[in-house]
Amino acid sequence: MRLPTLLLALLAGAATASRVAPVFIQPLSSPETPPTLLAELAVPDQHHHHGEHTTAPASASAAAAAAAAAAAADSTPVAAAVLSYEAPDLPADAALVRIGVYDAAAQRWASATSVASAENFGKGYAPHFVLSGEGEGEYLGVVCRGVAIDAGLTREFGPQAVVVRVREGAQPALGKPVVLSAEGRNVEEVEGKSFLQKYWWALAIGVFLLVSGGGGGDGK
(Lines give C-alpha, C1' and ligand atoms only; values in the text may rest on other atoms or scores of the structure.)
Protein backbone atom coordinates (compact mmCIF):
# COMPACT_ATOMS: atom_id res chain seq x y z
CA MET A 1 0.00 0.00 0.00
CA ARG A 2 1.07 3.58 -0.63
CA LEU A 3 0.90 5.87 2.37
CA PRO A 4 -1.39 8.89 1.97
CA THR A 5 0.20 11.96 0.43
CA LEU A 6 -0.44 14.09 3.53
CA LEU A 7 1.14 11.49 5.77
CA LEU A 8 4.15 11.25 3.48
CA ALA A 9 4.56 15.01 3.63
CA LEU A 10 4.46 14.95 7.43
CA LEU A 11 6.98 12.13 7.57
CA ALA A 12 9.26 13.89 5.12
CA GLY A 13 9.09 17.04 7.23
CA ALA A 14 9.90 15.10 10.40
CA ALA A 15 12.88 13.50 8.67
CA THR A 16 14.42 16.68 7.30
CA ALA A 17 17.97 15.70 8.23
CA SER A 18 17.62 12.14 7.00
CA ARG A 19 18.76 9.80 4.28
CA VAL A 20 16.48 7.38 2.47
CA ALA A 21 17.36 3.69 2.55
CA PRO A 22 15.59 1.72 -0.21
CA VAL A 23 14.74 -1.78 1.00
CA PHE A 24 14.16 -4.35 -1.75
CA ILE A 25 12.80 -7.88 -1.71
CA GLN A 26 13.49 -10.92 -3.89
CA PRO A 27 11.99 -14.44 -3.68
CA LEU A 28 14.61 -17.14 -3.22
CA SER A 29 12.62 -19.50 -5.41
CA SER A 30 13.13 -17.11 -8.39
CA PRO A 31 16.72 -15.84 -8.26
CA GLU A 32 16.45 -14.65 -11.85
CA THR A 33 13.67 -12.25 -10.85
CA PRO A 34 15.09 -8.75 -10.19
CA PRO A 35 14.57 -7.41 -6.67
CA THR A 36 11.58 -5.08 -6.27
CA LEU A 37 11.12 -2.12 -3.96
CA LEU A 38 9.56 -3.07 -0.65
CA ALA A 39 9.93 0.02 1.53
CA GLU A 40 11.73 3.33 1.84
CA LEU A 41 13.12 4.16 5.29
CA ALA A 42 14.12 7.65 6.41
CA VAL A 43 17.35 7.17 8.36
CA PRO A 44 17.92 10.05 10.84
CA ASP A 45 21.21 11.86 10.50
CA GLN A 46 23.59 10.85 13.27
CA HIS A 47 24.64 14.40 14.17
CA HIS A 48 21.07 15.62 13.96
CA HIS A 49 19.96 12.88 16.33
CA HIS A 50 22.63 13.66 18.93
CA GLY A 51 22.07 17.38 18.74
CA GLU A 52 24.22 19.94 17.01
CA HIS A 53 24.54 22.30 20.01
CA THR A 54 26.70 20.78 22.70
CA THR A 55 28.67 22.38 25.53
CA ALA A 56 32.32 21.65 26.14
CA PRO A 57 33.05 19.37 29.12
CA ALA A 58 34.46 21.16 32.17
CA SER A 59 37.00 18.47 33.08
CA ALA A 60 38.65 15.30 31.84
CA SER A 61 36.21 13.16 33.86
CA ALA A 62 33.29 15.05 32.33
CA ALA A 63 34.77 14.50 28.87
CA ALA A 64 35.07 10.76 29.54
CA ALA A 65 31.49 10.64 30.79
CA ALA A 66 30.31 12.54 27.72
CA ALA A 67 32.19 10.15 25.44
CA ALA A 68 30.65 7.14 27.21
CA ALA A 69 27.19 8.68 26.89
CA ALA A 70 27.74 9.35 23.19
CA ALA A 71 28.91 5.78 22.66
CA ALA A 72 25.81 4.44 24.41
CA ALA A 73 23.62 6.72 22.29
CA ASP A 74 25.26 5.41 19.12
CA SER A 75 24.19 1.84 19.89
CA THR A 76 20.65 2.74 21.01
CA PRO A 77 17.96 1.94 18.41
CA VAL A 78 16.51 5.08 16.83
CA ALA A 79 13.03 5.24 15.32
CA ALA A 80 12.97 5.73 11.56
CA ALA A 81 10.04 6.87 9.46
CA VAL A 82 8.66 4.47 6.86
CA LEU A 83 8.15 6.78 3.89
CA SER A 84 6.58 4.12 1.71
CA TYR A 85 5.69 0.46 1.87
CA GLU A 86 4.33 -1.73 -0.89
CA ALA A 87 3.07 -5.20 0.03
CA PRO A 88 5.06 -7.61 -2.17
CA ASP A 89 3.36 -9.62 -4.89
CA LEU A 90 5.17 -12.92 -4.37
CA PRO A 91 4.82 -16.15 -6.37
CA ALA A 92 2.68 -18.85 -4.84
CA ASP A 93 5.69 -21.11 -4.32
CA ALA A 94 7.76 -18.40 -2.58
CA ALA A 95 8.36 -19.60 0.96
CA LEU A 96 11.49 -17.55 1.67
CA VAL A 97 12.53 -14.10 0.51
CA ARG A 98 15.74 -12.10 0.51
CA ILE A 99 15.64 -8.48 1.73
CA GLY A 100 18.27 -5.78 1.99
CA VAL A 101 19.27 -2.30 0.89
CA TYR A 102 19.53 -2.29 -2.91
CA ASP A 103 21.22 0.13 -5.32
CA ALA A 104 18.86 0.18 -8.29
CA ALA A 105 21.20 2.32 -10.41
CA ALA A 106 24.12 -0.08 -10.01
CA GLN A 107 21.79 -3.10 -9.90
CA ARG A 108 23.50 -4.61 -6.87
CA TRP A 109 22.86 -5.05 -3.17
CA ALA A 110 24.23 -2.15 -1.12
CA SER A 111 24.17 -4.13 2.12
CA ALA A 112 24.19 -7.65 3.40
CA THR A 113 20.90 -9.45 2.83
CA SER A 114 18.80 -11.45 5.24
CA VAL A 115 16.32 -14.26 4.65
CA ALA A 116 12.78 -14.07 6.00
CA SER A 117 9.63 -16.09 5.66
CA ALA A 118 7.13 -14.87 3.09
CA GLU A 119 4.44 -15.16 5.76
CA ASN A 120 5.83 -12.02 7.40
CA PHE A 121 4.29 -10.00 4.57
CA GLY A 122 0.90 -11.70 4.52
CA LYS A 123 -2.44 -10.21 5.48
CA GLY A 124 -2.88 -9.50 9.17
CA TYR A 125 0.80 -8.73 9.72
CA ALA A 126 2.60 -5.39 9.92
CA PRO A 127 6.28 -5.45 8.91
CA HIS A 128 8.83 -4.19 11.43
CA PHE A 129 12.22 -3.31 9.92
CA VAL A 130 15.55 -3.17 11.75
CA LEU A 131 18.25 -1.42 9.74
CA SER A 132 21.85 -1.62 10.94
CA GLY A 133 24.42 0.88 9.76
CA GLU A 134 27.98 1.99 10.33
CA GLY A 135 28.76 5.67 9.90
CA GLU A 136 26.87 7.92 7.52
CA GLY A 137 25.36 6.17 4.52
CA GLU A 138 27.01 2.81 5.20
CA TYR A 139 24.41 0.06 5.59
CA LEU A 140 25.32 -3.30 7.06
CA GLY A 141 22.00 -5.03 6.60
CA VAL A 142 18.28 -5.03 7.25
CA VAL A 143 15.96 -7.61 8.78
CA CYS A 144 12.20 -7.69 8.85
CA ARG A 145 9.59 -9.59 10.81
CA GLY A 146 5.84 -9.48 10.62
CA VAL A 147 3.96 -8.53 13.77
CA ALA A 148 0.36 -9.68 14.07
CA ILE A 149 -2.03 -6.72 13.93
CA ASP A 150 -4.18 -6.37 17.01
CA ALA A 151 -7.60 -5.03 16.01
CA GLY A 152 -7.96 -3.40 19.43
CA LEU A 153 -4.91 -1.20 18.95
CA THR A 154 -5.17 1.94 16.87
CA ARG A 155 -1.63 3.23 17.47
CA GLU A 156 1.44 1.78 15.82
CA PHE A 157 -0.77 0.01 13.34
CA GLY A 158 1.29 0.22 10.17
CA PRO A 159 4.87 -0.63 9.20
CA GLN A 160 7.58 0.44 11.63
CA ALA A 161 11.35 0.74 11.49
CA VAL A 162 14.32 1.36 13.78
CA VAL A 163 17.96 2.04 13.02
CA VAL A 164 20.82 0.52 15.01
CA ARG A 165 24.26 2.01 14.47
CA VAL A 166 27.19 -0.31 14.98
CA ARG A 167 30.21 1.38 16.56
CA GLU A 168 33.78 0.21 17.00
CA GLY A 169 34.40 -1.47 20.34
CA ALA A 170 36.64 0.02 23.00
CA GLN A 171 40.33 -0.69 22.51
CA PRO A 172 42.31 -2.08 25.47
CA ALA A 173 44.83 0.23 27.11
CA LEU A 174 48.14 -1.60 26.80
CA GLY A 175 51.17 -0.86 28.98
CA LYS A 176 54.73 -0.44 27.82
CA PRO A 177 56.35 -3.60 26.43
CA VAL A 178 58.74 -5.41 28.78
CA VAL A 179 62.33 -5.24 27.47
CA LEU A 180 64.74 -7.91 28.66
CA SER A 181 68.51 -7.98 28.41
CA ALA A 182 70.55 -10.88 27.08
CA GLU A 183 70.67 -12.28 30.64
CA GLY A 184 66.88 -12.17 30.89
CA ARG A 185 66.78 -9.19 33.25
CA ASN A 186 64.47 -6.25 33.02
CA VAL A 187 66.40 -3.51 31.23
CA GLU A 188 64.40 -0.75 32.87
CA GLU A 189 65.26 -2.02 36.34
CA VAL A 190 68.97 -2.24 35.50
CA GLU A 191 69.04 1.24 34.00
CA GLY A 192 66.96 2.65 36.81
CA LYS A 193 69.47 1.82 39.64
CA SER A 194 71.03 4.75 41.47
CA PHE A 195 74.77 5.38 41.84
CA LEU A 196 74.72 4.05 45.41
CA GLN A 197 72.92 0.86 44.33
CA LYS A 198 75.47 0.23 41.62
CA TYR A 199 78.73 0.99 43.51
CA TRP A 200 77.90 0.33 47.16
CA TRP A 201 80.61 -2.32 47.33
CA ALA A 202 83.33 0.14 46.28
CA LEU A 203 82.19 2.64 48.89
CA ALA A 204 82.20 -0.08 51.52
CA ILE A 205 85.83 -1.01 50.70
CA GLY A 206 86.87 2.65 50.87
CA VAL A 207 85.25 3.09 54.28
CA PHE A 208 86.95 -0.09 55.52
CA LEU A 209 90.39 1.14 54.39
CA LEU A 210 89.86 4.51 56.06
CA VAL A 211 88.85 2.91 59.34
CA SER A 212 91.58 0.28 59.38
CA GLY A 213 94.43 2.71 58.48
CA GLY A 214 93.24 5.72 60.42
CA GLY A 215 94.76 5.07 63.94
CA GLY A 216 98.43 5.11 65.23
CA GLY A 217 99.80 8.48 63.93
CA ASP A 218 103.70 8.34 64.33
CA GLY A 219 103.67 5.31 66.56
CA LYS A 220 105.27 2.05 65.55
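The values are calculated or read from the model by the stated rules, or taken from the named source; none is laboratory data. All of these numbers come straight from a predicted model, not from anything done at the bench. Here the Cβ positions follow ideal geometry from the backbone for every residue, glycine too, while neighbour counts run over all protein chains shown. What goes into the accessible areas is simple: the full protein's heavy atoms, side chains included, and nothing from ligands, DNA or RNA. Shrake-Rupley method; radii C 1.70, N 1.55, O 1.52, S 1.80 Å.
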Work out the FRET efficiency for K198 and V178 from their Cβ-Cβ distance, taking R0 = 35 Å, and round it to the nearest 0.05.
0.95
Applying 1/(1 + (r/R0)^6) with R0 = 22 Å to the Cβ-Cβ distance of A105 and E32, what FRET efficiency is obtained, to the nearest 0.05?
0.60
Roll a 1.4 Å probe over the protein chains and send me the accessible area per residue for segment 96-136 in Å².
51 Å²
Provide the packing ranking of 107-117, 203-213, 19-29, i.e. peptides ordered by the mean count of other C-beta atoms within 10 Å per residue, highest first.
19-29, 107-117, 203-213
